[in-house]
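Here is the structure we will look at, set down as structure tokens.
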Amino acid sequence: MANSEISPSNVVSDLTQTLQRFDLLDLQQYTQEKSYSSTASKDFHLFYVGRDDVHEILKHIQSRVSVSLYLNMFGFDDDELNDILMTQALDPSVTMLITLDRSQAGGVHEKKLLDSDIAKNPTRFNTYFVIGQSATHQISHTKGFVADGKVGGEGSTNWSTSGEGTFVLKGRPGGPGYKAQNNTQSIFTDPDTIVRFQTELIAEHMAAKHQG
């Protein structure tokens, strides 16, 4: 889907849509039940790849970023989410720090995706993106983000077809070529967790950057 196409999960070109009034209830439309339980937490919800449409959940949040994005993603192999990030990387009003794992970045499709990003704007890419390892020179395995200082996400979900689950049949699992790993994706708005996680994401970015 092109970035110019407006849908509930992709409003990257709609300046009236932001995360400033984000509510977890905004995401219940992407669950299998289309509704949360009456006992659901107000600041934390856990989604399941293959059962809930995690790809659309991630697009919903990422396309509404207007202030800042701190992201560390082990597997970065999603064309749509990458296009959204690169659109925002060209916006001087958005602060971004994107950390990617060195071993994963060498994969065939991921390398092609990143090479395309560099070709579009090498200055912006080198300003916001870093490819490296953990502080102890192991894989950078975090899979999470903090968007606009308002919404956080973390879990076992890589940004890939199998990692997020591919909904071939609209709105539900199944269909020819359907793929879905056993992954989870949490989304949270708890202020203390947001601050602590954002601080960790910045530290991970700086550790990778200092490795050169």
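Listed values, structure above:
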item	result
F167, sole failed condition from (1) of a type outside the set (G, A, S); (2) in contact with an Asp or Glu (Cβ under 7 Å, 6 or more places away or on another chain); (3) modelled with pLDDT of 90 or more	(3)
Qualifying residue in segment 9-22 (condition: free of Cβ contacts under 8 Å to residues at least 24 places away in the same chain, farther than 17 Å from I187 by Cα and β-branched (V, I, T))	yes
Segment 25-56, subset among the aliphatic types (A, V, I, L, M) and at pLDDT 95 or above, residue nearest to G144 (Cα to Cα)	L46
Qualifying residue in segment 107-122 (condition: among the aliphatic types (A, V, I, L, M), surrounded by fewer than 18 Cβ atoms within 10 Å (Cβ to Cβ) and not in a helix (DSSP H, G or I))	no
Verdict on V67 being buried (at least 24 other Cβ atoms within 10 Å of the Cβ) and out of contact with any Phe, Trp or Tyr (no Cβ under 8 Å at 6 or more places or on another chain)	no
Single condition A180 does not satisfy, out of (1) among the hydrophobic types (A, V, I, L, M, F, W, C); (2) out of contact with any Phe, Trp or Tyr (no Cβ under 8 Å at 6 or more places or on another chain); (3) under 16 Å from I202 (Cα atoms); (4) surrounded by fewer than 22 Cβ atoms within 10 Å (Cβ to Cβ)	(3)
Selection within segment 26-56 - touching a residue at least 24 places away in the same chain (Cβ under 8 Å), under 29 Å from G177 (Cβ atoms) and surrounded by fewer than 16 Cβ atoms within 10 Å (Cβ to Cβ)	Q32, L46, R51
Of all residues in segment 46-64 being over 11 Å from the mean Cα position of the chain (by Cα) and either of a type in the set (G, A, S) or assigned to a loop (DSSP other than H, G, I, E, B) (or both), the one that is nearest to F125 (Cα to Cα)	R64
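The values are calculated or read from the model by the stated rules, or taken from the named source; none is laboratory data. Treat the numbers as computed from the prediction; the structure is a model and nothing was measured. Neighbour counts are summed over all protein chains in view; Cβ atoms, including those assigned to glycine, are modelled from backbone coordinates with ideal geometry.
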